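Student: One structure is given below, represented as structure tokens, and several questions about it will come after.
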Amino acid sequence: MRLSRYFMPILKENPKEAEIVSHRLMLRAGMIRQQSQGIYSWLPLGKRVLDKVNAIIRDEQNRAGAIELSMPTLQSAELWQESGRYDAYGKEMLRIKDRQDRPMLYGPTNEEMVTDIFRSSVKSYKDLPLNLYHIQLKFRDEIRPRFGTMRSREFMMKDAYSFDLTREAAEHSYNKMFAAYLRTFDRLGLRAIPMRADTGPIGGKLSHEFIILADTGESEVFCHKDFVDFDIPGEHTDFDSVEGLQAIFDKWTSLYAATSEMHDEAAFNAVPEGDRLSARGIEVGHIFYFGTKYSDPMGAKVQGPDGKEHFVHMGSYGIGPTRLVPAIIEASHDDNGIIWPASVAPFDVVVINMKAGDQACDDTCELIYAALSKAGKDVLYDDTDDRAGTKFATADLIGVPVQIIAGPRAVANGEVEVKDRKTGARETMTIEAAINRFVA
Ligand code: ATP
Ligand code: MG
């Protein structure tokens, strides 16, 4: 992508409305724009990051055996009347009427709709286990939307829903998502700790919130500090192994970890003082097992091996991609801007032409840009007329992991500078070596 033809509206001034660093940097880097309170457009740079986050989430959902579909944002009130939540949900639900005066709503979550899909076509235990997910916009009319897309009214959620014949089978489904979440957050460059959580309006029996420790987090959390170094389940984790996944779950729940709603002071005080971590955190994921809470009122049942009908045991599993993007920034930035983990960076590398219009600089940059693009890399080429200082500041702000800098003096020697955004380390090398670093 040539910066001169891209759309990346960088802000020079610090936006006054931003209270936390991620919100400030997302606005300054031209990633998002607020359209009305708590409702955002994702501008091209932001969209690239969001897509990469979603690709990792999707990959790990698929690995764990979940199946993707897509459900609509607008839902009919009828389904919610069946489950009893239409009245229970309160003011967070945006209620709408269509031209026939039929009550509709902008979905805050999808338990009812997915249960309807399930009951309309699954009739036998032989079709279980089943886990259906989508990545879709949600709307919750939050009292206090704030911190940019960290807490917005319209936001994206990956929500998965599992269906099983028995509680034991449902627990295995829960453990699959538990392990998939550990892997997902790790691949996003984050350390998320599962904490016992309140089941809230979704209701249920077993529930964990995945929390990232951050000073700007809205939740108060308490946990054993060893969680910070626990091993993440590997790529070859067998998601069909009941014992294997139970062992992962048992290990990751063996020490104290709870949000303030579930905090047990006495249990926490039993943790040796030096091992206690009390901090603030950001909730990036939340998983629930809630048994037959929806299948029973909505009549979602299957025939079991005993020939009888059984209400299915369900769970639901949410991750917030539009919250994860700022959460990653909270965890990874410096005074100059964002430092993206390579896995979600909007571009793999930025090529900075320090003197656009200078033949040797232009030729060198074009050569590198073409070679890296051909090798399948996402390359941003700063070919604008801006001053070198402005270009450096922009590259640091948008946090691309590697910068290749071509200035007249180095280029005259057949060389460029390669800068690591995270460490700031700069290395001079031949043009060929700079290309080979990515191609080889
Ligand atoms: P919170 O406690 O932060 O209000 P919640 O418990 O109501 O969130 P869930 O119903 O558990 O949220 O939703 C699953 C995930 O969706 C959350 O873990 C979070 O990552 C994301 N999410 C929820 N509400 C918002 C929001 N207003 N803005 C952005 N992401 C959100
Ligand atoms: Mg939650």
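Student: Any chance the range 240-250 includes a residue that's crowded, with 16+ Cβ neighbours inside 10 Å and either within 16 Å of ligand 1 (Cβ to nearest atom) or assigned to a loop (DSSP other than H, G, I, E, B) (or both)?
Tutor: Within the range 240-250 (the criterion being crowded, with 16+ Cβ neighbours inside 10 Å and either within 16 Å of ligand 1 (Cβ to nearest atom) or assigned to a loop (DSSP other than H, G, I, E, B) (or both)), the answer is no, since none of the residues qualifies.
Student: How do the strands (runs of 3 or more DSSP E) wholly within the range 68-133 filter down when requiring 3 or more residues that are surrounded by fewer than 17 Cβ atoms within 10 Å (Cβ to Cβ) and out of contact with any Gly (no Cβ under 9 Å at 6 or more places or on another chain): which remain?
Tutor: 94-97
Each row is one residue, and each column tells you yes or no for (1) of a type in the set (D, E, K, R); (2) more than 18 Å from MET8 (Cα to Cα); (3) surrounded by fewer than 21 Cβ atoms within 10 Å (Cβ to Cβ); (4) not assigned by TED's automatic domain parsing to the domain that holds ASP334.
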position	(1), (2), (3), (4)
ALA370	no, yes, yes, yes
ARG387	yes, no, yes, yes
GLY399	no, no, no, yes
GLN403	no, no, no, yes
GLU417	yes, yes, yes, yes
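Student: Part of a loop (DSSP other than H, G, I, E, B) and on the phi > 0 side of the Ramachandran plot - does that describe any residue in the range 8-29?
Tutor: The answer is no; no qualifying residue exists.
Student: Those residues that are farther than 15 Å from MET113 by Cβ and within 16 Å of ligand 2 (Cβ to nearest atom), I need them from the range 126-143; list them, please.
Tutor: ARG140, GLU142, ILE143
Student: Do you know which of the residues in the range 144-173 that are buried (at least 24 other Cβ atoms within 10 Å of the Cβ) and hydroxyl-bearing (Ser, Thr, Tyr) is farthest from ligand 2 (Cβ to nearest atom)?
Tutor: SER173
Student: Ok, one more. Looking at ALA270, ALA327, ALA300, ALA266, can you tell me which residue is away from ligand 2 (no atom under 16 Å from the Cβ), small (Gly, Ala, Ser) and surrounded by 15 or more Cβ atoms within 10 Å (Cβ to Cβ)?
Tutor: Exactly one of ALA270, ALA327, ALA300, ALA266 is away from ligand 2 (no atom under 16 Å from the Cβ), small (Gly, Ala, Ser) and surrounded by 15 or more Cβ atoms within 10 Å (Cβ to Cβ), namely ALA300.
Student: Follow-up question, since we're still on this one. With respect to the numbered conditions (1) within 16 Å of ligand 2 (Cβ to nearest atom); (2) at pLDDT 95 or above, which one is the sole condition not fulfilled by GLU243?
Tutor: All conditions pass for GLU243, except number (1).
Student: Follow-up. I'm trying to understand the selection: among the residues of the range 251-276, which are in a helix (DSSP H, G or I), among the polar types (S, T, N, Q) and closer than 11 Å to HIS224 by Cα?
Tutor: ASN269
The values are calculated or read from the model by the stated rules, or taken from the named source; none is laboratory data. For clarity, every value in this text was computed on a predicted model and none was experimentally measured. A quick note on method: Cβ atoms are made from the backbone with ideal geometry, for glycine too, and the neighbour counts reach across all protein chains shown.
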